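In what follows, a single structure is set out as structure tokens and then discussed.
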Amino acid sequence: MKKFSLIFAVLFSLILSAEDANLLRNAALTAAPNRNPAQWQCVFPAGSFRIVTLDDGSKFVQFGKGLETQQCMLIQRNLPLEAGKKYIFSCEVQSAGANSSVMIYAEWRIPQADGKFRHASVNARPFSPAEEWQTVAFEIPARPGNSEKPYLVISVPSGKINLRNLILTEVE
């Protein structure tokens with residue numbers, strides 16, 4: 001039943017228009033002043049990110065351009081995730097070279113009694129994408145009321161990957 005509800009939630013989020021449903025800022029990563037995508041924190045070397053436009057006008061983002069041995073990372077901080085509510089993140093990913101891997105996950109921090117923080121992660125495990133476009137989706141469970149600063153990470157530890165159609169939606 002849980003798998004069915006996840007599939008239903010993903011399909012439902014894809015039916016909604018991206019403008020109405022998507023909680024990510026600059027989700028297509030097309031706004032890129034100074035070669036860095038606006039609304040995202042760039043934690044990668046210069047030249048490891050580019051927008052590719054195909055003949056039909058469709059676009060995708062490529063990470064790892066020319067930097068096969070260096071990690072690339074993007075972070076969108078302060079996601080508008082309300083405590084106690086569930087969300088679905090989905091995107092399409094494709095390998096763009098040999099030995100490619102990617103990790104896409106959500107995380108937030110929870111204050112502890114000693115004043116330090118414990119981080120809670122969802123989906124923080126690397127995988128090797130296929131040569132064909134594949135949809136990746138995961139549920140972000142309701143986070144505790146005392147948690148703070150939720151963020152989304154796209155990390156490319158090795159190789160090159162292509163990404164498109166990043167969508168973050170609330171599950172009703």
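The values are calculated or read from the model by the stated rules, or taken from the named source; none is laboratory data. Quantities reported herein were computed from a predicted structural model and do not represent experimental measurements. All Cβ positions, glycine included, derive from the backbone under ideal geometry; neighbour counts span all protein chains shown. We work out accessible area using only protein heavy atoms, side chains counted, and drop any ligands, DNA or RNA first. Shrake-Rupley method; radii C 1.70, N 1.55, O 1.52, S 1.80 Å.
Miscellaneous remarks
- Within segment 79-111, the set of residues being aliphatic (A, V, I, L, M), assigned to a loop (DSSP other than H, G, I, E, B) and more than 16 Å from the chain's Cα centre (by Cα) comprises A83, A96, A98.
- Failed item in (1) under 18 Å from Q41 (Cα atoms); (2) open to solvent by 40 Å² or more (accessible area, probe 1.4 Å), with A106 passing the rest: (2)
- Selection count, segment 151-171, where residues are surrounded by 19 or more Cβ atoms within 10 Å (Cβ to Cβ), part of a strand (DSSP E or B) and either among the aliphatic types (A, V, I, L, M) or at pLDDT below 95 (or both): 12
- Spans of strands (runs of 3 or more DSSP E) in segment 1-77 with at least 1 residues at pLDDT 75 or above and more than 16 Å from the chain's Cα centre (by Cα): 49-53, 59-63
- So R125, is it open to solvent by 40 Å² or more (accessible area, probe 1.4 Å) and touching a Phe, Trp or Tyr at 6+ places or on another chain (Cβ under 9 Å): yes
- Number of positions in segment 112-150 that are of a type in the set (S, T, Y), touching a Ser or Thr at 6+ places or on another chain (Cβ under 8 Å) and not in a strand (DSSP E or B): 1
- Residue in segment 81-100 that is touching a Phe, Trp or Tyr at 6+ places or on another chain (Cβ under 7 Å) and either hydroxyl-bearing (S, T, Y) or open to solvent by 50 Å² or more (accessible area, probe 1.4 Å) (or both) present: no
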